[in-house]
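Below: one structure, written as structure tokens.
Here, each number is a calculation from the coordinates, and none is a lab measurement. Since the model is a prediction, treat every value here as computed from it, not as a measurement. Counting neighbours? That spans all protein chains shown, and the Cβs are built from the backbone with ideal geometry, glycine included.
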Amino acid sequence: MTTPDAATAVVTGAGGGLGRPIAVRLASDGYAVAVVDVDGDEAEATRRSIEEAGGTARAYAVDLRDVAAIGRLMSAAEADLGSLQVLVNNAAVFPAGPVADVTPEVYDDVVAVNQRAYFFASRAAAGRMRRGRRAGAIVNIGSITQHGGWAEMVPYATTKGAAAAMTRALATELGPADIRVNCVAPGAFPTRAEEMHADPEAYSRRIIDSQALKRRGRLDDVAAAVSFLVGPDAAFITGQTLNVDGGWIMA
Ligand SMILES: NC(=O)c1ccc[n+]([C@@H]2O[C@H](COP(=O)([O-])OP(=O)(O)OC[C@H]3O[C@@H](n4cnc5c(N)ncnc54)[C@H](O)[C@@H]3O)[C@@H](O)[C@H]2O)c1
């Protein structure tokens, strides 16, 4: 059962490795959660885990490459669940490969999901927050690949740099409407994004060598940072990128 007029949090890519724990965490913080993913079965699975734990959620199968569908999603989430207060732009794709193999189609696709959808989802959500004169919070999930040099991930790393730049520009424009915008940049977390690495154990060792903290990141580490940034304890924080990476990147 959903309760219209709860504070609603929209989480994109919420059927995925990091998106699910973010959605579950925001539900346990008291938000009604719009669980959005192109993979409707995974979105449903997240909705079930939230409701089994006593939270409120609704699953939406949406391809965020479709800008018109993003607008419809925000209206539906507000009508079904209640006033939109939080947006987490988390859905992403990770095409890996050498520069020479990147076709215009691959490039456009990664930009459409990881960058254009972040912008249009933020625009649609902020419009609703503004109209309702509500304080709001947006978190863009970036990546530490924007800071370091990573081979064979050029289009992906480019969109993640864009997420941080978009965060600062949006925070400046939306601040007067009391809408905060921040970015969480994860290090390396064990999700399907890691399937691209041929030797997972060697990859894990390399990560731990790179971090100050000598353990792999847990998915909940990212969810906790998102929960903090959208919540009242971060009421005076906007335009920032928080690296959640065990002390890998310290600049
Ligand atoms: N896992 C990591 O180590 C890591 C590191 C740095 C940053 N990140 C970032 O964290 C976020 C989540 O990544 P993840 O590791 O959980 O990956 P994931 O593949 O498990 O989750 C991504 C989700 O996005 C969904 N998605 C993809 N295209 C979509 C579209 N067109 N419309 C709607 N949904 C779509 C997928 O179905 C998937 O459920 C991404 O923004 C990623 O860049 C992850």
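The table below lists the values:
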| quantity | calculated |
| --- | --- |
| Under 15 Å, Cβ to Cβ, from GLY187 - net charge with Lys/Arg +1 and Asp/Glu -1 | +2 |
| Cut-off 14 Å between beta-carbons: net charge of the residues surrounding THR238, Lys and Arg +1, Asp and Glu -1 | -1 |
| Degrees, to the nearest 10: 200-210 long Cα axis against longest axis of the chain | 90 |
| Computed magnitude of the charge dipole of segment 38-81 (debye, nearest 20; Cβ of K, R +1, Cβ of D, E -1) | 140 |
| Gaussian network model of the chain, Cα within-10 Å springs - most flexible of ALA164, ALA202, ALA79 | ALA202 |
| Least to most buried among VAL35, VAL86, VAL62 (fewest other Cβ within 10 Å first) | VAL62, VAL86, VAL35 |
| Extended-chain gain in nm, criterion 0.36 nm per residue less alpha-carbon gap, ARG218 and ARG205 | 3.2 nm |
| Helix 154-174 axis, angle to the chain major axis (alpha carbon atoms, nearest 10°) | 40 |
| Degrees between helix 40-52 axis and first principal axis of the chain (Cα, 0 to 90, nearest 10) | 60 |
| Fewest-first ranking of VAL88, VAL110, using other Cβ atoms within 10 Å as the exposure measure | VAL110, VAL88 |
| Mean Cα-pair separation over length for segment 8-244, i.e. relative contact order, pairs under 8 Å, 6 or more apart, % | 20 |
| Net length gained if the chain between ILE237 and ARG72 were fully extended (0.36 nm per residue, minus Cα distance) | 56.4 nm |
| Loop-located trypsin sites (Lys or Arg not before Pro) in segment 51-135, at most 15 other Cβ atoms within 10 Å (DSSP) | ARG133, ARG134 |
| Max mean-square fluctuation residue, GNM over the chain, Cα-Cα springs under 10 Å, options ASP199, ASP109, ASP209 | ASP199 |
| Among PRO104, PRO232, PRO200: highest mean-square fluctuation, GNM of the chain, C-alpha pairs under 10 Å | PRO104 |
| Residues with amide H under 5 Å from that of THR56, placed H, sequence gap 5 or more | VAL33 |
| Charge-dipole axis of segment 8-244 as Lys and Arg at +1 and Asp and Glu at -1 on Cβ define it, positive-most pick from VAL113, GLY19, ALA165 | ALA165 |
| Residues with amide H under 5 Å from that of VAL244, placed H, sequence gap 5 or more | ALA185, GLY187 |
| Helix-only CD estimate at 222 nm, as mean residue ellipticity for the chain, using -39500 (n - 2.57) per DSSP H run (n ≥ 4) | -13500 deg cm²/dmol |
| Charge tally in the Cβ shell below 12 Å around ALA137, where Lys, Arg are +1 and Asp, Glu are -1, ALA137 excluded | -1 |
| Electrostatic dipole magnitude of the chain [Cβ: Lys, Arg +1; Asp, Glu -1; Cα centre; debye, to 20] | 840 |
